[in-house]
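Notes follow the structure.
The values are calculated or read from the model by the stated rules, or taken from the named source; none is laboratory data. Here the structure is a predicted model, which is why all the values come from computation and not from measurement. Positions of Cβ are generated from backbone atoms using ideal geometry, with glycine treated the same way; all protein chains shown enter the neighbour counts. SASA here: full protein model, heavy atoms, side chains in, ligands and nucleic acids out. Shrake-Rupley method; radii C 1.70, N 1.55, O 1.52, S 1.80 Å.
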Amino acid sequence: MMIRTYLPLIALLFAAPLSAQEVPAAGFNAETILALKGLQLLDQRLNAIGYRLARANTAYCADKAAQSGLLLHDIDQYPDQPVARFALGFDGPVVVIAVAPDSPGAAAGLLPGDDILAINGVKIDDISSDDAAFANEPLGYRRIAAVNQRLESALAQADVTLDILRGGEQIQRIVASSQACPSRFQIAVSDDRGASANGKIVSVTSRLAEYFLNDDEFAAVVAHELAHNLLDHRDQLDAQGVNRGFFGQFGQSAGRIKSTEIEADRLSVWLMANAGYDPQAAVRFWTRYGKEHGKGIFSASTHYRWKKRVKLFDEEMAKMAAMKSVDGKYAPPLLAKMD
(Lines give C-alpha, C1' and ligand atoms only; values in the text may rest on other atoms or scores of the structure.)
Protein backbone atom coordinates (compact mmCIF):
# COMPACT_ATOMS: atom_id res chain seq x y z
CA MET A 1 0.00 0.00 0.00
CA MET A 2 1.11 3.56 -0.52
CA ILE A 3 0.29 7.10 0.53
CA ARG A 4 -1.92 8.52 -2.17
CA THR A 5 -0.67 10.96 -4.77
CA TYR A 6 -2.77 12.39 -7.56
CA LEU A 7 -2.76 11.63 -11.27
CA PRO A 8 -4.17 14.44 -13.43
CA LEU A 9 -5.12 11.88 -16.11
CA ILE A 10 -7.76 10.43 -13.81
CA ALA A 11 -9.42 13.83 -13.57
CA LEU A 12 -9.60 14.08 -17.35
CA LEU A 13 -11.11 10.62 -17.68
CA PHE A 14 -13.67 10.64 -14.90
CA ALA A 15 -14.42 14.09 -13.53
CA ALA A 16 -17.46 16.21 -14.26
CA PRO A 17 -17.29 20.01 -13.96
CA LEU A 18 -17.52 21.31 -10.41
CA SER A 19 -20.90 22.73 -9.47
CA ALA A 20 -21.26 26.16 -7.93
CA GLN A 21 -21.42 24.52 -4.50
CA GLU A 22 -18.17 22.64 -5.16
CA VAL A 23 -15.95 25.53 -6.25
CA PRO A 24 -12.66 25.01 -4.40
CA ALA A 25 -11.82 27.26 -1.49
CA ALA A 26 -8.99 29.75 -1.83
CA GLY A 27 -5.66 28.01 -2.27
CA PHE A 28 -7.15 24.66 -3.32
CA ASN A 29 -6.09 23.24 -6.66
CA ALA A 30 -9.13 22.28 -8.77
CA GLU A 31 -7.16 19.65 -10.72
CA THR A 32 -6.17 17.91 -7.48
CA ILE A 33 -9.76 17.93 -6.25
CA LEU A 34 -10.97 16.43 -9.52
CA ALA A 35 -8.21 13.80 -9.41
CA LEU A 36 -9.28 12.79 -5.89
CA LYS A 37 -12.90 12.50 -7.01
CA GLY A 38 -11.73 10.43 -9.98
CA LEU A 39 -9.84 8.12 -7.65
CA GLN A 40 -12.93 7.78 -5.51
CA LEU A 41 -14.91 6.67 -8.57
CA LEU A 42 -12.30 3.97 -9.23
CA ASP A 43 -12.44 2.93 -5.57
CA GLN A 44 -16.22 2.68 -5.75
CA ARG A 45 -16.14 0.53 -8.91
CA LEU A 46 -13.53 -1.84 -7.49
CA ASN A 47 -15.27 -2.07 -4.12
CA ALA A 48 -18.59 -2.93 -5.79
CA ILE A 49 -17.03 -5.55 -8.09
CA GLY A 50 -14.91 -7.10 -5.35
CA TYR A 51 -17.79 -7.37 -2.89
CA ARG A 52 -20.07 -8.88 -5.54
CA LEU A 53 -17.48 -11.55 -6.41
CA ALA A 54 -16.76 -12.35 -2.76
CA ARG A 55 -20.42 -12.51 -1.73
CA ALA A 56 -21.65 -14.55 -4.69
CA ASN A 57 -19.08 -17.29 -4.07
CA THR A 58 -19.47 -17.54 -0.29
CA ALA A 59 -20.80 -21.10 -0.37
CA TYR A 60 -17.66 -22.36 -2.09
CA CYS A 61 -15.03 -20.70 0.11
CA ALA A 62 -13.55 -22.88 2.84
CA ASP A 63 -12.67 -19.76 4.84
CA LYS A 64 -15.12 -16.93 5.27
CA ALA A 65 -14.91 -13.43 6.73
CA ALA A 66 -17.28 -10.71 7.83
CA GLN A 67 -17.93 -8.34 4.93
CA SER A 68 -19.73 -5.02 5.30
CA GLY A 69 -19.30 -3.76 1.74
CA LEU A 70 -17.77 -0.56 3.16
CA LEU A 71 -14.49 0.93 2.00
CA LEU A 72 -13.02 3.17 4.69
CA HIS A 73 -10.13 5.59 4.28
CA ASP A 74 -7.99 7.43 6.81
CA ILE A 75 -7.10 11.09 6.33
CA ASP A 76 -3.47 10.11 7.00
CA GLN A 77 -3.43 8.30 3.63
CA TYR A 78 -3.47 11.66 1.89
CA PRO A 79 -0.47 14.01 1.67
CA ASP A 80 -2.62 17.14 1.26
CA GLN A 81 -5.13 16.66 4.03
CA PRO A 82 -7.08 19.95 3.67
CA VAL A 83 -7.79 19.18 0.00
CA ALA A 84 -8.74 15.58 0.83
CA ARG A 85 -11.13 16.79 3.53
CA PHE A 86 -12.77 19.18 1.07
CA ALA A 87 -12.97 16.70 -1.84
CA LEU A 88 -13.96 13.54 0.02
CA GLY A 89 -16.00 14.79 2.97
CA PHE A 90 -13.63 14.10 5.85
CA ASP A 91 -14.62 15.77 9.11
CA GLY A 92 -12.92 13.25 11.38
CA PRO A 93 -10.03 10.85 10.74
CA VAL A 94 -11.96 8.02 9.04
CA VAL A 95 -14.57 8.36 6.32
CA VAL A 96 -16.65 6.05 4.14
CA ILE A 97 -15.26 6.24 0.59
CA ALA A 98 -17.47 3.60 -1.02
CA VAL A 99 -20.50 1.43 -0.23
CA ALA A 100 -21.04 -1.70 -2.33
CA PRO A 101 -24.59 -2.14 -3.67
CA ASP A 102 -26.67 -4.85 -1.96
CA SER A 103 -24.20 -5.04 0.93
CA PRO A 104 -24.87 -4.78 4.68
CA GLY A 105 -23.43 -1.26 4.58
CA ALA A 106 -25.88 -0.25 1.86
CA ALA A 107 -28.78 -1.87 3.73
CA ALA A 108 -27.83 0.16 6.80
CA GLY A 109 -28.13 3.37 4.79
CA LEU A 110 -24.45 4.33 4.96
CA LEU A 111 -23.22 6.78 2.33
CA PRO A 112 -19.88 7.93 0.94
CA GLY A 113 -18.77 10.92 3.00
CA ASP A 114 -20.11 9.55 6.30
CA ASP A 115 -17.51 9.97 9.03
CA ILE A 116 -17.09 6.95 11.29
CA LEU A 117 -16.97 8.15 14.90
CA ALA A 118 -17.27 4.90 16.85
CA ILE A 119 -17.70 1.13 16.42
CA ASN A 120 -19.99 -0.42 19.04
CA GLY A 121 -19.36 2.61 21.23
CA VAL A 122 -15.55 2.50 20.92
CA LYS A 123 -14.36 5.81 19.52
CA ILE A 124 -12.05 5.76 16.50
CA ASP A 125 -9.45 7.73 18.48
CA ASP A 126 -9.45 4.99 21.14
CA ILE A 127 -8.70 2.16 18.67
CA SER A 128 -5.01 1.43 19.09
CA SER A 129 -2.79 0.88 16.06
CA ASP A 130 0.29 0.14 18.18
CA ASP A 131 -0.25 -3.62 18.03
CA ALA A 132 2.58 -5.61 16.46
CA ALA A 133 0.10 -6.84 13.84
CA PHE A 134 0.20 -3.38 12.26
CA ALA A 135 3.94 -2.79 12.50
CA ASN A 136 4.52 -3.69 8.84
CA GLU A 137 1.86 -1.30 7.59
CA PRO A 138 3.01 2.08 6.22
CA LEU A 139 2.62 4.69 8.92
CA GLY A 140 -0.37 6.38 7.28
CA TYR A 141 -2.23 3.06 7.03
CA ARG A 142 -1.84 1.70 10.56
CA ARG A 143 -4.93 3.33 12.02
CA ILE A 144 -7.17 2.26 9.13
CA ALA A 145 -5.81 -1.29 9.41
CA ALA A 146 -6.73 -1.28 13.10
CA VAL A 147 -10.18 0.17 12.38
CA ASN A 148 -10.87 -2.42 9.69
CA GLN A 149 -9.80 -5.20 12.01
CA ARG A 150 -12.03 -3.88 14.80
CA LEU A 151 -15.02 -3.63 12.46
CA GLU A 152 -14.51 -7.08 10.91
CA SER A 153 -13.94 -8.74 14.29
CA ALA A 154 -17.12 -7.17 15.67
CA LEU A 155 -19.14 -8.15 12.59
CA ALA A 156 -17.90 -11.72 12.89
CA GLN A 157 -19.70 -11.91 16.24
CA ALA A 158 -22.93 -9.95 15.68
CA ASP A 159 -24.52 -6.90 14.11
CA VAL A 160 -22.51 -3.72 14.69
CA THR A 161 -23.62 -0.24 15.68
CA LEU A 162 -21.73 2.59 13.99
CA ASP A 163 -21.84 6.17 15.21
CA ILE A 164 -21.43 8.40 12.20
CA LEU A 165 -21.33 12.11 11.42
CA ARG A 166 -23.32 13.23 8.39
CA GLY A 167 -23.84 16.86 7.52
CA GLY A 168 -22.91 17.94 11.02
CA GLU A 169 -25.44 15.58 12.62
CA GLN A 170 -24.40 12.56 14.68
CA ILE A 171 -26.52 9.47 13.97
CA GLN A 172 -26.33 5.71 14.42
CA ARG A 173 -26.58 2.96 11.86
CA ILE A 174 -26.68 -0.81 12.47
CA VAL A 175 -24.69 -2.95 10.03
CA ALA A 176 -25.82 -6.57 9.84
CA SER A 177 -23.34 -9.37 10.40
CA SER A 178 -22.78 -11.16 7.10
CA GLN A 179 -20.06 -13.39 5.73
CA ALA A 180 -18.43 -13.72 2.32
CA CYS A 181 -15.21 -14.99 0.84
CA PRO A 182 -12.32 -13.17 2.51
CA SER A 183 -10.45 -10.29 0.82
CA ARG A 184 -10.34 -6.53 0.76
CA PHE A 185 -10.04 -4.53 -2.44
CA GLN A 186 -8.07 -1.36 -3.11
CA ILE A 187 -6.93 0.93 -5.90
CA ALA A 188 -3.17 1.49 -5.81
CA VAL A 189 -2.18 4.81 -7.36
CA SER A 190 0.40 4.05 -10.04
CA ASP A 191 1.42 4.90 -13.60
CA ASP A 192 1.95 1.18 -14.21
CA ARG A 193 -0.74 -1.22 -15.34
CA GLY A 194 -0.83 -4.02 -12.81
CA ALA A 195 -2.79 -6.02 -10.25
CA SER A 196 -1.73 -8.14 -7.29
CA ALA A 197 -2.93 -10.20 -4.34
CA ASN A 198 -1.11 -10.62 -1.03
CA GLY A 199 -3.37 -13.23 0.56
CA LYS A 200 -5.67 -10.66 2.17
CA ILE A 201 -5.95 -7.72 -0.22
CA VAL A 202 -6.55 -7.45 -3.96
CA SER A 203 -4.93 -4.37 -5.50
CA VAL A 204 -5.50 -2.93 -8.95
CA THR A 205 -3.48 0.05 -10.14
CA SER A 206 -5.29 3.21 -11.12
CA ARG A 207 -3.84 3.10 -14.62
CA LEU A 208 -5.06 -0.44 -15.23
CA ALA A 209 -8.48 0.42 -13.80
CA GLU A 210 -8.74 3.21 -16.38
CA TYR A 211 -8.03 0.72 -19.17
CA PHE A 212 -11.08 -1.51 -18.69
CA LEU A 213 -13.91 -0.97 -21.16
CA ASN A 214 -16.60 -2.11 -18.71
CA ASP A 215 -17.17 -3.74 -15.32
CA ASP A 216 -17.09 -7.26 -16.80
CA GLU A 217 -13.49 -6.70 -17.93
CA PHE A 218 -12.67 -5.15 -14.56
CA ALA A 219 -14.19 -8.22 -12.86
CA ALA A 220 -12.03 -10.56 -14.97
CA VAL A 221 -8.83 -9.16 -13.44
CA VAL A 222 -10.27 -8.80 -9.93
CA ALA A 223 -11.52 -12.41 -10.04
CA HIS A 224 -8.05 -13.63 -11.07
CA GLU A 225 -6.44 -11.87 -8.10
CA LEU A 226 -9.19 -12.94 -5.73
CA ALA A 227 -8.59 -16.53 -6.89
CA HIS A 228 -4.97 -16.25 -5.72
CA ASN A 229 -6.19 -15.32 -2.23
CA LEU A 230 -8.89 -18.00 -2.09
CA LEU A 231 -6.42 -20.69 -3.16
CA ASP A 232 -3.83 -19.59 -0.55
CA HIS A 233 -1.21 -19.19 -3.25
CA ARG A 234 0.94 -16.76 -1.30
CA ASP A 235 1.25 -19.13 1.66
CA GLN A 236 1.96 -22.05 -0.67
CA LEU A 237 4.75 -20.21 -2.45
CA ASP A 238 6.22 -19.00 0.83
CA ALA A 239 6.24 -22.57 2.16
CA GLN A 240 8.09 -23.65 -1.00
CA GLY A 241 10.68 -20.91 -0.59
CA VAL A 242 9.79 -19.34 -3.93
CA ASN A 243 11.75 -16.22 -4.89
CA ARG A 244 9.38 -13.46 -6.01
CA GLY A 245 12.16 -11.09 -7.03
CA PHE A 246 14.18 -10.99 -10.24
CA PHE A 247 15.33 -14.58 -9.86
CA GLY A 248 11.74 -15.71 -9.49
CA GLN A 249 11.50 -15.37 -13.28
CA PHE A 250 13.75 -18.40 -13.73
CA GLY A 251 13.98 -22.08 -12.89
CA GLN A 252 11.91 -23.83 -10.26
CA SER A 253 10.53 -20.61 -8.76
CA ALA A 254 9.17 -19.50 -12.13
CA GLY A 255 7.51 -22.87 -12.66
CA ARG A 256 5.83 -22.82 -9.28
CA ILE A 257 4.58 -19.27 -9.76
CA LYS A 258 3.26 -20.16 -13.22
CA SER A 259 1.29 -23.06 -11.74
CA THR A 260 -0.50 -20.65 -9.40
CA GLU A 261 -1.19 -18.26 -12.27
CA ILE A 262 -2.78 -21.07 -14.29
CA GLU A 263 -4.99 -22.03 -11.33
CA ALA A 264 -6.03 -18.40 -10.81
CA ASP A 265 -6.97 -18.08 -14.48
CA ARG A 266 -9.02 -21.29 -14.33
CA LEU A 267 -10.88 -20.31 -11.15
CA SER A 268 -11.48 -16.69 -12.20
CA VAL A 269 -14.16 -17.43 -14.81
CA TRP A 270 -16.13 -19.56 -12.32
CA LEU A 271 -16.06 -16.72 -9.80
CA MET A 272 -17.23 -14.31 -12.50
CA ALA A 273 -20.09 -16.50 -13.68
CA ASN A 274 -21.35 -17.06 -10.13
CA ALA A 275 -21.41 -13.30 -9.56
CA GLY A 276 -23.34 -12.61 -12.74
CA TYR A 277 -20.43 -11.23 -14.75
CA ASP A 278 -19.85 -12.42 -18.31
CA PRO A 279 -16.88 -14.83 -18.21
CA GLN A 280 -16.36 -14.19 -21.93
CA ALA A 281 -15.11 -10.76 -20.84
CA ALA A 282 -11.89 -12.47 -19.70
CA VAL A 283 -11.36 -13.65 -23.28
CA ARG A 284 -12.15 -10.22 -24.71
CA PHE A 285 -9.94 -8.38 -22.24
CA TRP A 286 -6.84 -10.57 -22.60
CA THR A 287 -7.22 -10.72 -26.38
CA ARG A 288 -7.39 -6.94 -26.60
CA TYR A 289 -4.62 -6.41 -24.07
CA GLY A 290 -2.39 -9.05 -25.65
CA LYS A 291 -2.74 -7.59 -29.13
CA GLU A 292 -2.17 -4.03 -27.94
CA HIS A 293 0.65 -4.61 -25.45
CA GLY A 294 2.24 -7.91 -26.37
CA LYS A 295 4.85 -8.64 -23.72
CA GLY A 296 3.52 -6.14 -21.23
CA ILE A 297 2.35 -6.95 -17.74
CA PHE A 298 1.34 -10.50 -16.91
CA SER A 299 3.48 -11.85 -19.76
CA ALA A 300 6.72 -12.80 -18.00
CA SER A 301 7.94 -16.39 -17.81
CA THR A 302 5.67 -16.83 -14.78
CA HIS A 303 2.54 -16.27 -16.89
CA TYR A 304 1.11 -17.82 -20.04
CA ARG A 305 0.97 -15.56 -23.08
CA TRP A 306 -2.48 -14.24 -23.87
CA LYS A 307 -3.43 -16.90 -26.44
CA LYS A 308 -2.80 -19.69 -23.95
CA ARG A 309 -4.71 -17.81 -21.28
CA VAL A 310 -7.69 -17.49 -23.59
CA LYS A 311 -7.53 -21.23 -24.26
CA LEU A 312 -7.68 -21.88 -20.49
CA PHE A 313 -10.74 -19.66 -20.15
CA ASP A 314 -12.46 -21.47 -23.00
CA GLU A 315 -11.73 -24.85 -21.39
CA GLU A 316 -13.21 -23.78 -18.06
CA MET A 317 -16.30 -22.27 -19.66
CA ALA A 318 -16.83 -25.54 -21.54
CA LYS A 319 -16.74 -27.38 -18.20
CA MET A 320 -19.38 -25.01 -16.82
CA ALA A 321 -21.56 -25.46 -19.90
CA ALA A 322 -21.50 -29.23 -19.35
CA MET A 323 -22.61 -28.86 -15.72
CA LYS A 324 -26.03 -28.29 -14.26
CA SER A 325 -26.12 -25.08 -12.26
CA VAL A 326 -27.70 -24.83 -8.83
CA ASP A 327 -29.60 -21.57 -8.44
CA GLY A 328 -27.63 -20.23 -11.38
CA LYS A 329 -24.24 -21.03 -9.85
CA TYR A 330 -21.51 -23.58 -10.47
CA ALA A 331 -19.31 -25.21 -7.84
CA PRO A 332 -15.72 -24.39 -8.87
CA PRO A 333 -13.64 -27.61 -8.95
CA LEU A 334 -10.54 -25.88 -7.60
CA LEU A 335 -12.38 -24.61 -4.51
CA ALA A 336 -14.02 -28.01 -4.00
CA LYS A 337 -10.52 -29.48 -4.04
CA MET A 338 -9.40 -26.96 -1.40
CA ASP A 339 -12.41 -27.77 0.79
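Work out, step by step, the length gained on full extension between VAL122 and ASN29: first 0.36 nm times the residue separation, then minus their alpha carbon distance; give nm to one decimal.
29.9 nm
Mind pulling the angle between the C-alpha long axis of helix 215-230 and the longest principal axis of the chain? Nearest 10 degrees, somewhere in 0 to 90.
For 215-230 against the chain, the angle is about 80 degrees.
Return the long-range amide H neighbours of ALA118 (sequence gap of 5 or more, or a different chain), with a cut-off of under 5 Å between placed amide H atoms.
The list, which skips near neighbours in sequence, is ILE124, ASP163.
Counting only the heavy atoms of the protein chains, how much of LEU111 is accessible to a 1.4 Å probe, in Å² to the nearest 10?
80 Å²
Quick one: if you take sqrt(5λ) for each eigenvalue of the C-alpha gyration tensor of the range 126-189, what semi-axes come out, biggest first, whole angstrom?
That gives 22, 17, 13 Å for the three semi-axes.
Return the long-range amide H neighbours of VAL202 (sequence gap of 5 or more, or a different chain), with a cut-off of under 5 Å between placed amide H atoms.
Placed amide hydrogens put ARG184, PHE185, GLN186 under 5 Å from VAL202.
Do you know the relative contact order of the chain, to the nearest whole percent, from alpha carbon pairs under 8 angstrom that are 6+ apart?
16 percent
Taking 0.36 nm per residue of sequence separation and subtracting the Cα-Cα distance, how much length would be gained by fully extending the chain between SER196 and ASP314, in nm to one decimal?
Using 0.36 nm per residue and subtracting the Cα-Cα distance, I get 40.2 nm.
Using helices alone, I'd like the mean residue ellipticity at 222 nm for the chain: each DSSP H run of four-plus residues gives -39500 (n - 2.57), total over residue count, nearest 500.
After summing the helix terms and dividing by residue count, I get -14000 deg cm²/dmol.
Using θ = phi - 60° and the Karplus relation 6.51 cos²θ - 1.76 cosθ + 1.60, list the HN-Hα couplings for the range 101-111 in order, rounded to whole Hz, with x at every Gly or Pro.
For the range 101-111, the Karplus curve yields x, 6, 9, x, x, 5, 4, 7, x, 6, 9 Hz.
List the equivalent ellipsoid semi-axes of the chain in whole Å, largest first, each obtained as the square root of 5λ for an eigenvalue λ of the Cα gyration tensor.
Working from the Cα gyration tensor, I get semi-axes of 34, 24, 20 Å.
Given a 1.4 Å probe and every protein chain left where it sits, what share in percent of the accessible area of the range 140-193 is carbon and sulfur?
Exposed carbon and sulfur together represent 39 percent of the surface.
Show the residues, 5+ positions off or on another chain, whose built amide H is closer than 5 Å to the amide H of ASN57.
CYS181
When only the heavy atoms of the protein chains count and the probe is 1.4 Å, how do LYS311, LYS200, LYS329 rank by accessible area, highest first?
LYS200, LYS311, LYS329
Using 0.36 nm per residue of separation minus the Cα-Cα distance, give me the extension gain between GLN186 and ALA62 in nm, one decimal.
Contour length minus Cα-Cα distance gives 42.3 nm.
Listed highest first by mean packing, meaning other Cβ atoms within 10 Å per residue, what order do 173-183, 61-71 come in?
61-71, 173-183
Could you give me the ³J(HN,Hα) list for the range 124-140, computed from phi with Karplus coefficients 6.51, -1.76, 1.60 and θ = phi - 60°, whole Hz, x at Gly and Pro?
Working through the residues one at a time gives 3, 5, 9, 8, 6, 10, 7, 4, 4, 4, 9, 5, 8, 6, x, 3, x Hz.
Testing the spin-label approximation: label points 7 Å from Cα along Cα→Cβ at ILE171 and GLU210. State their distance in nm.
Result: 3.6 nm between the two label points.
What figure in square angstrom, to the nearest 10, would you give for the accessible area of THR161 with a 1.4 Å probe?
The value for THR161 is about 40 Å².
Along the range 112-122, what does the Karplus equation 6.51 cos²θ - 1.76 cosθ + 1.60 (θ = phi - 60°) give for ³J(HN,Hα), rounded to whole Hz, x for Gly and Pro?
x, x, 5, 7, 8, 9, 7, 10, 6, x, 8
Ranked from highest to lowest mean number of other Cβ atoms within 10 Å per residue, what is the order of the peptides 216-225, 36-45?
216-225, 36-45
Which whole-number value in Å² is the accessible area per residue of the chain, probe 1.4 Å?
Per residue, the chain has 46 Å² of solvent-accessible surface.
Using a Förster distance of 41 angstrom, determine the FRET efficiency expected from the C-beta separation of GLU137 and GLN252, and round it to 0.05.
Rounded to the nearest 0.05, the efficiency is 0.85.
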